[in-house]
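Notes follow once the structure below has been shown.
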Amino acid sequence: MKIAILGYGTVGSGCAEALKGSSAELVRVLDKREIPEIAHLLTDDYETILKDPDIELVAELMGGEHPAYDFVKEALLAGKHVVTANKQMLSHHFSELTKLAEEKGVCLGYSATAGGGIPWLENLKRYSRVDSIKEIGGVMNGTTNFILDAMQTRGESYDDALKKAQELGYAEADPTADVMGYDVRAKLAISCNLAFGGELDPESIPTTGITGITDETIKCAKESGMSVRLVAKAYMENGNIKAEIAPQLVGQDDPMYMLKGPENLFYLKGERCGTLSFRGAGAGKGPTGANVAADILKIIDRKEQNA
Ligand code: HSE
């Protein structure tokens, strides 16, 4: 299948690398920058992709709400499959875009919008179809876990650790979204939509980030044998979703205590399946690019099976 990638940043280039030698043929890349290794694929005009009937799938990996939302919507309307890693955009347009994909008979893949390389949403969707999900949660941001881990285990300063997380490609273009918890908010909202149905407004989730965590906080946590984690949690109460994101102290018997660097841990509690947890690299070029690539190949497999 011929595909196009919108945005050749950390995730876009990671996805292209993961797809090498596969049945996905990358024929166009939308990016305004000069990128010598893919110069022959580059365009800065989205219309050339949209109007090309040979391109059957568009991978939106550019981030930001606009024009990403418009591009995704136009691609779906044009009958193209779409894969996106854009949690901010998807969390604000989840119902509309998932319904539109269904109406047009095309696929909308979004596994990498939460969890980097962890197949979290894929599994949450799988279990929510056969079980009643009571609670979901976990550590959902690689950058903030990297910072907290660096402060706790290596005594690094908040600023140095954040700088490293940016250099390693974990942080968003504007890391405010990571440290203020807005990135987790979008991931938790999308997860709630799958777990509990409907569309949760990310802005309605009470959110505290890690900007208030000081060396003193870390020292106190260590002295009491605990670690600080940015924890997200959501559950149903009297027919309403209760969701919250805030830094918490976790003890050594909690699986979140052990998370290293950019690791994430997502869990679900189901009436039938009990507690299931998913741990791994929550950010970064390799893991996130592979998760996007896996969505793309799944769509190609489905098309081949239906052929
Ligand atoms: N900035 C995000 C994080 C990337 O640090 O978790 C993955 O969603």
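The values are calculated or read from the model by the stated rules, or taken from the named source; none is laboratory data. As the structure is a computational prediction, the values presented were derived from the model and not from experiment. So basically every Cβ, Gly included, is an ideal-geometry build from the backbone, and we count neighbours across all protein chains shown. Ligands, DNA and RNA are stripped out before the accessible areas are found, and what is left, the full protein with its side chains, is counted by its heavy atoms. Shrake-Rupley method; radii C 1.70, N 1.55, O 1.52, S 1.80 Å.
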For Leu26, residues with placed amide H under 5 Å, excluding near neighbours: Ile3
If the chain between Asn306 and Thr211 were fully stretched, how many nm would it gain, using 0.36 nm times the residue separation less the Cα-Cα distance? 29.2 nm
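With the full set of protein chains in place, find how many percent of the accessible area of region 1-149 is carbon and sulfur; take the probe as 1.4 Å. Intermediate results must be reported in sequence, preceding the final value.
On the way: 2920 of 6030 Å².
That share works out to 48 percent.
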At a Cα cut-off below 13 Å, give the aspartates and glutamates reachable from Lys99, other chains included and same-chain residues fewer than 8 away excluded. Glu199
Amide H within-cut-off set for Ala171, under 5 Å, with H built and near neighbours excluded: Gln166
What number, in percent, do you get for the relative contact order of the chain if the mean sequence gap of Cα pairs under 8 Å and at least 6 apart is divided by its residue count? 23 percent
In range of the label at His40: residues from region 15-31 whose backbone nitrogen is under 14 Å from the point 7 Å along Cα→Cβ: 26-29
Residue-wise HN-Hα coupling along region 86-100, computed from phi with Karplus coefficients 6.51, -1.76, 1.60 (Hz; x: Gly, Pro): 8, 5, 4, 5, 5, 5, 8, 9, 4, 5, 4, 6, 5, 5, 4
Express the accessible area of the chain per residue in Å², computed with a 1.4 Å probe while the remaining protein chains stay in the model. 45 Å²
Report relative contact order for region 120-281 in percent, whole number only (criteria: Cα-Cα under 8 Å, sequence separation at least 6). 34 percent
Choice from Pro36, Pro247, Pro262 with maximal GNM fluctuation in the chain (Cα, 10 Å cutoff): Pro36
Could you list log10 I(q)/I(0) for region 120-281 at q = 0.08, 0.09, 0.10, 0.19 Å⁻¹, which the Debye formula gives when each Cα is one point scatterer? -0.23, -0.29, -0.35, -1.17
Relative to the longest principal axis of the chain, what angle (0 to 90°, nearest 10) does the C-alpha long axis of helix 158-167 take? 20 degrees
Report the charge-dipole magnitude of the chain in Debye, nearest 20, computed about the Cα centre from +1 at each Lys and Arg Cβ and -1 at each Asp and Glu Cβ. 840 debye
Could you estimate the translational diffusion coefficient of the chain from the Stokes-Einstein equation, with Rh from the Kirkwood formula over C-alpha pairs, at 37 °C and 0.692 mPa s, in whole µm²/s? 166 µm²/s
Additional length obtainable on full extension of the chain from Asp201 to Cys220, 0.36 nm per residue less Cα span: 3.4 nm
By how many degrees, between 0 and 90 and to the nearest 10, does the Cα long axis of helix 68-77 differ from the longest principal axis of the chain? 40 degrees
To the nearest 10 degrees, the tilt of helix 142-153 (Cα long axis) against the first principal axis of the alpha carbons of the chain is 30 degrees
Between Val130 and Asp174, how many nm apart are label points set 7 Å from Cα along the C-beta direction? 4.3 nm
Across region 120-281, how many lysine pairs separated by 8 or more positions, or lying on different chains, have Cα atoms within less than 23 Å? 26
